[in-house]
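Asks: Structure below; questions to follow.
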Amino acid sequence: MVIAKDSAVLLLFTGGTISMSEDPTTGALRPIDFDRLLEYMPELKHSGISVKSIPFLPLIDSSDVYPPVWERIALIIQEHYDDFDGFVVLHGTDTMAYSASALSFMLENLSKPVIFTGAQLPIGMMRSDAKENLITSIEIATAKENGQTIVPEVCIFFEDTLFRGNRTTKKNAEHFSAFNSYNYPALAKAGVHIKYFRSAIHYPAAGAKLRVRTRIDQNIAILKLFPGITEQTVNAILNIPNIKAIVLESFGAGNAPRKAWFYDALKCATAKGILIVNKSQCSTGSVEMGRYETSLNLVSAGVMSGYDCTTEAIVTKLMYLLGEYESLDEVKHKLSKSMCGEMTILQ
Ligand code: ASP
C-alpha cells in the first residue's frame, strides 16, 4: 500500500463529540473553533496529504441529523468527486450507522472511499480517541495499490477497525470500540500496519459513473415486538396516516406471536400496499421465515425477509427506495436484493 504524496482528502465536518473541547473555565463541552481543528493534528501537515475541510455550521449532535443532512453530504461529495482521492465524514457516533447506511444507497457506483469517523472523547481532551480515528481514516481514504483505490465503499472507521457502513451498529456508549458489524467481516484492521481484507471489499463495475440519488421518503415506522404487545398498539402503528413501510422487529430467527388478530392486522396492512420487512431483534444471524411455525404466518401475511440486515440499513434502504421508485413491485424487487453489500441472502 502506498500513500501517494500528492493525494487529497475532503473532510466533511458535521459535528459530534469529536468536534468539542472543554471550556477551560466551566469544564463544559462546546464545539471547537473549526479553524483550530487541524492545529490538534500537526502530523497531518507533514504527511504530504492535502486535507481540505467543509464545516457544517453550526456543528450538530448526530441525534439532530436527518435526511436533509444526508442529502447535503451526498451533494458535496458529488460536487467535489473528481478533485479528491477520498472523503472523510466527521460525524457524531449516535446515528453514524444510519448516515453511513443511507449514503451507501445514495451514492450509486461509488468508486472512491467515503469514511465516516468520530470519537468517544472530544478532540481537545487529553485521552481523546479523535486524533487516531481521524488520521487513520484519512490514510484509508487515500489508500491505493497500483493506482487503484483499495476501499471504494462507504465505511465506518473506529478504534482499529474498518467496517462496511451499512453493516454497522453502534454497540457501546462508553468504550473506544463503539461499533460492530455483527453479520459481515471487517474490511481492514489498523495495527502497526493497516491490513486490508480484499475479499470482503466490494468493487464497482469498471467504468460505472457515480450517480447520486437524494430522494428520500420518511414514511417509515419500526414495530418492535415484545411478549404482551397489545392489538391496540400494533394497530396504532400499522394505521399511521401515510405510512408506507414498517420494519417489524421480531424474535429470534424472525418469529412472532400466532394470535389471529396479529395475523389479520399484518395481512390487512400488506393488502393496502404497506411494506412490512422482518428484522430479527438479535444482532447476529439471519431471519429465516418458515423455520419455526411462529414465522409461517408472516409469510402468508405478505411480510418480506430482511435477512441479516441491520435495522439502520433496512430503515434507510426503505426511505431511499420509496423516495426513488414509484412502483411498489419495483421497490419490493430491489428490497429483496442486496444493493451494495447490505445483506446476505439465504438460499
Ligand atoms: N451525542 C454525540 C453525537 O452523536 C455522541 C458522539 O459523537 O459520540 O453527536
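Asks: Which length gain, in nm to one decimal place, applies between Ile229 and Thr26 when the Cα-Cα distance is subtracted from 0.36 nm times their residue separation?
Replies: Extra length available between Ile229 and Thr26 comes to 68.5 nm.
Asks: Among Asn235, Asn166, Asn278, which one shows the highest mean-square fluctuation when the chain is modelled as a Gaussian network with alpha-carbon springs under 10 Å?
Replies: Asn235
Asks: Which whole-Hz couplings ³J(HN,Hα) result when phi for each residue of the stretch 202-214 is put into the Karplus expression 6.51 cos²θ - 1.76 cosθ + 1.60, θ = phi - 60°, listed in order with x for Gly and Pro?
Replies: Per-residue couplings from phi come out as 8, 10, x, 4, 4, x, 5, 8, 4, 10, 9, 10, 10 Hz.
Asks: How far is it, in nm, from the label point at Asp6 to the one at Met339 when both lie 7 Å from their Cα along the line to the Cβ?
Replies: 3.7 nm
Asks: Further question: Taking the Cα atoms only, what angle lies between the long axis of helix 311-324 and the longest principal axis of the chain, rounded to 10 degrees?
Replies: Helix 311-324 and the main axis of the chain meet at about 80 degrees.
Asks: If you don't mind, another one. Taking the chain as the reference, fit the longest principal axis to its C-alpha atoms, fit the long axis of helix 67-80 to the helix C-alpha atoms, and give the angle between the two in degrees, 0 to 90, nearest 10.
Replies: Long axis of 67-80 versus the principal axis of the chain: about 50 degrees.
Asks: Then there is this: May I ask you to list the aspartates and glutamates whose Cα is less than 16 Å away from that of Lys244, ignoring any residue fewer than eight positions away on the same chain?
Replies: Cross-link targets: Asp217, Glu324, Glu326, Asp329, Glu330.
Asks: Compute a Gaussian network model of the chain, connecting alpha carbons closer than 10 Å, and tell me which residue from Gly252, Gly302, Gly48 fluctuates the most.
Replies: Greatest mean-square fluctuation among the candidates belongs to Gly48.
Asks: How many percent of DSSP beta bridges within the chain run antiparallel, rounded to 5?
Replies: Once the DSSP bridges in the chain are tallied, antiparallel ones form about 40 percent.
Asks: If you stretched the chain out fully between Ser53 and Leu328, how much longer would it get, using 0.36 nm times the residue separation minus the C-alpha to C-alpha distance?
Replies: Going from the current span to full extension adds 95.0 nm.
Asks: Lysines within cross-link reach of Lys259: Cα-Cα under 17 Å, excluding same-chain residues under 8 positions apart?
Replies: Within the straight-line cut-off, Lys259 pairs with Lys224, Lys267.
Asks: Lys144: which lysines have alpha carbons under 17 Å from its alpha carbon, excluding same-chain residues fewer than 8 sequence positions away?
Replies: The reachable lysines, counting only those whose Cα sits under 17 Å from Lys144, are Lys5, Lys112, Lys189, Lys195.
Asks: By how many degrees, between 0 and 90 and to the nearest 10, does the Cα long axis of helix 260-271 differ from the longest principal axis of the chain?
Replies: 70 degrees
Asks: Another question, if that's okay. Comparing Phe13, Phe163, Phe197, which has the greatest mean-square fluctuation in the GNM of the chain with Cα pairs linked when under 10 Å apart?
Replies: Judging by the Gaussian network model, the answer is Phe197.
Asks: With only Lys, Arg, Asp and Glu charged, each at its Cβ (+1 for the first two, -1 for the last two), find how big the charge dipole of the chain is about the Cα centre; round to the nearest 20 debye.
Replies: Using only the charged Cβ atoms, the result is roughly 860 debye.
Asks: So, one more: For the stretch 86-158 and the stretch 266-282, what is the centre-to-centre distance using only Cα atoms, to the nearest Å?
Replies: 33 Å
Asks: Taking trypsin sites (Lys or Arg not before Pro) as exposed when DSSP calls them loop (any state but H, G, I, E, B) and at most 15 other Cβ atoms lie within 10 Å, what is the longest stretch of the chain free of them, the sites themselves excluded? Provide the component values of the computation, followed by the final result.
Replies: On the way: sites that count: Lys5, Arg127, Lys171, Lys209, Arg213, Arg215, Arg258, Lys259, Lys272, Arg291, Lys337.
It runs 6-126.
Asks: Rounded, prolate or oblate, given the Cα gyration tensor of the stretch 1-80, with a/c below 1.5 counting as rounded?
Replies: oblate
Asks: Over the chain, what is the relative contact order in whole percent, taking alpha-carbon pairs under 8 Å and six or more residues apart?
Replies: Computed value for the chain: 15 percent relative contact order.
Since every read-out is calculated from the coordinates, none of them should be taken as a lab result. Remember, it's a predicted structure, so these values are computed and weren't measured experimentally. Every residue, glycine as well, gets a Cβ built from its backbone with ideal geometry; the counts of neighbours run over all protein chains shown.
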